[in-house]
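Read-outs: derived from the displayed coordinates by stated rules, not from any lab. Since the model is a prediction, treat every value here as computed from it, not as a measurement. As a convention, Cβ positions derive from the backbone with ideal geometry for all residues, glycine included, and neighbour counts pool all protein chains shown.
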Number of protein chains: 2
Amino acid sequence: MQAFLKYINDHALKPISKEDFEVLQGHFVYKKLRKKQYLLENGEVCRYFAFILKGAMRKYYVDEKGTEHIVNLFIENWWAGDTESFTMLSPSIYNIDAWEDSEVLLITHENATKLTKLFPAFKEMLLKMDEKHKIATQKRITSSISFTAEKRYANFLDCHSDFLQRFPQHIIASYLGITKETLSRIRNQFPQK
Amino acid sequence: MQAFLKYINDHALKPISKEDFEVLQGHFVYKKLRKKQYLLENGEVCRYFAFILKGAMRKYYVDEKGTEHIVNLFIENWWAGDTESFTMLSPSIYNIDAWEDSEVLLITHENATKLTKLFPAFKEMLLKMDEKHKIATQKRITSSISFTAEKRYANFLDCHSDFLQRFPQHIIASYLGITKETLSRIRNQFPQK
DNA sequence: CGGTCTCTTGACGGAGTTCAAAGCTAGTGG
DNA sequence: CCACTAGCTTTGAACTCCGTCAAGAGACCG
């Protein structure tokens with residue numbers, strides 16, 4: 001829980017006080033998730049965004065053939081959810097589940113809005129998080145339309161080497177938009193990183 | 001210019017008054033761009049975000065081989081810029097230029113921040129714009145990692161048929177991450193849309 | 001142990017790229 | 001009004017990267 005306080009203060013101009021943090025905390029629901037447990041299932045409305053205190057999660061969608069496509073990977077200090085469903089209240093096409101046993105803080109849209117009004121630090125944190133998210137997705141689009149599989153993987157190693165120890169290769173492959181076999185071959189061409 | 005007022009009010013909860021809009025307008029610089037003229041060049045810092053009143057623009061980056069990769073396409077009522085460079089003041093890797101003769105409203109980061117504080121309607125507009133942007137990029141990532149070229153094009157027709165009349169095929173192809181030849185062949189398989 | 005999950009390797013096939021050539025269109029200047 | 005050019009689209013042929021399918025080999029866990 002201290003991790004969350006630190007996270008907010010790292011992203012805010014003025015730190016939030018201990019007392020304010022107590023109030024803020026009250027707007028979240030703490031939840032434990034076992035491996036494979038869903039945070040969001042295809043067809044549901046995403047009613048909570050989750051701040052990950054501990055663990056690892058994945059967001060994916062399943063196509064007509066039943067193949068899973070990893071859209072995002074999350075670990076500690078990341079936010080997991082489906083923005084579209086969360087803000088439009090539309091049923092989500094994504095699934096989010098725990099890849100490791102995890103602990104998360106859940107917040108509703110309503111409470112999030114309320115907190116941005118109560119605590120400037122919280123609002124600033126959200127804004128910064130948004131910026132980071134925007135930049136990251138822009139990079140990912142750029143790389144996915146213009147790089148080869150090999151470069152995308154090299155790029156992934158630069159940006160997200162922390163995922164490597166947490167997720168198996170076939171998950172990473174799917175995240176990169178390639179098959180596990182292709183990733184395996186790419187890795188065996190490199191001497192080693 | 002009325003278009004911009006309308007745009008803000010369409011995206012805000014409470015409309016902005018005529019008088020306020022005058023003040024707001026004063027924080028923008030009006031600029032005309034001739035076809036092929038740059039709004040942002042590779043290596044520069046993106047000091048302005050541009051609201052497009054009229055015209056069409058493209059954002060792209062050039063790889064080591066000198067090939068252009070279209071990252072975004074913009075027409076009237078869109079915002080063009082490089083978020084990463086704009087907020088971090090880092091040199092941009094992208095180019096943005098006018099595809100048609102265009103008219104834009106430029107705003108600095110400083111002025112944008114100021115306006116969000118002065119006018120709630122402006123802030124709400126930015127937030128909504130962000131949401132839309134986030135949802136769109138998420139969809140684009142999903143489609144680029146999991147769809148075939150043909151499906152990506154079908155998807156593009158659904159979402160952005162308005163671009164079809166404004167940009168030539170080789171630009172659209174690059175936007176989709178495929179070659180102009182492939183796009184040409186895909187189009188000739190369909191009866192017609 | 002025996003199952004489930006994971007990674008690797010090989011052979012084949014297909015989607016998409018590359019390169020080259022030709023046709024098509026619209027704009028420009030004589 | 002025609003000739004010329006530049007930009008755009010199409011088509012074909014060869015090639016390449018990557019996906020698919022199939023099989024085997026570790027690794028981990030109950």
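Overview of results
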| item | result |
| --- | --- |
| Extension gain from residue B:155 to residue B:42, taking 0.36 nm per residue of separation minus the Cα-Cα distance | 37.7 nm |
| Farthest toward positive dipole pole in the protein assembly as shown [+1 Lys/Arg, -1 Asp/Glu at C-beta], among A:72, A:87, B:146 | B:146 |
| The protein assembly as shown - charge dipole about Cα centre, Lys and Arg +1 at Cβ, Asp and Glu -1, debye rounded to 20 | 440 debye |
| Between the stretch A:81-110 and the stretch A:26-72, the alpha-carbon center distance in angstrom | 6 Å |
| Listed pairs A:18/A:114; A:128/B:35; B:54/B:128; A:35/B:151; B:36/B:59 exceeding 23 Å between Cα atoms | A:128/B:35; A:35/B:151 |
| Pairwise label distance in nanometres, residue B:117 with residue B:169, each label 7 Å out on the Cα-Cβ vector | 5.3 nm |
| Residues B:115, A:33 arranged by fewest to most Cβ contacts within 10 Å | B:115, A:33 |
| Stretch gain in nm, segment residue B:22-residue B:5, where the contour uses 0.36 nm per residue and the Cα spacing is subtracted | 5.1 nm |
| Calculated [θ] (222 nm, deg cm²/dmol) that DSSP helices of n ≥ 4 give over chain A, each run adding -39,500 (n - 2.57) | -15000 deg cm²/dmol |
| Separation in nanometres of the label points that stand 7 Å from Cα toward Cβ, at residue B:185 and residue B:34 | 4.0 nm |
| Sum of side-chain charges, residue B:169 neighbourhood, beta-carbon under 13 Å (Lys, Arg +1; Asp, Glu -1) | +3 |
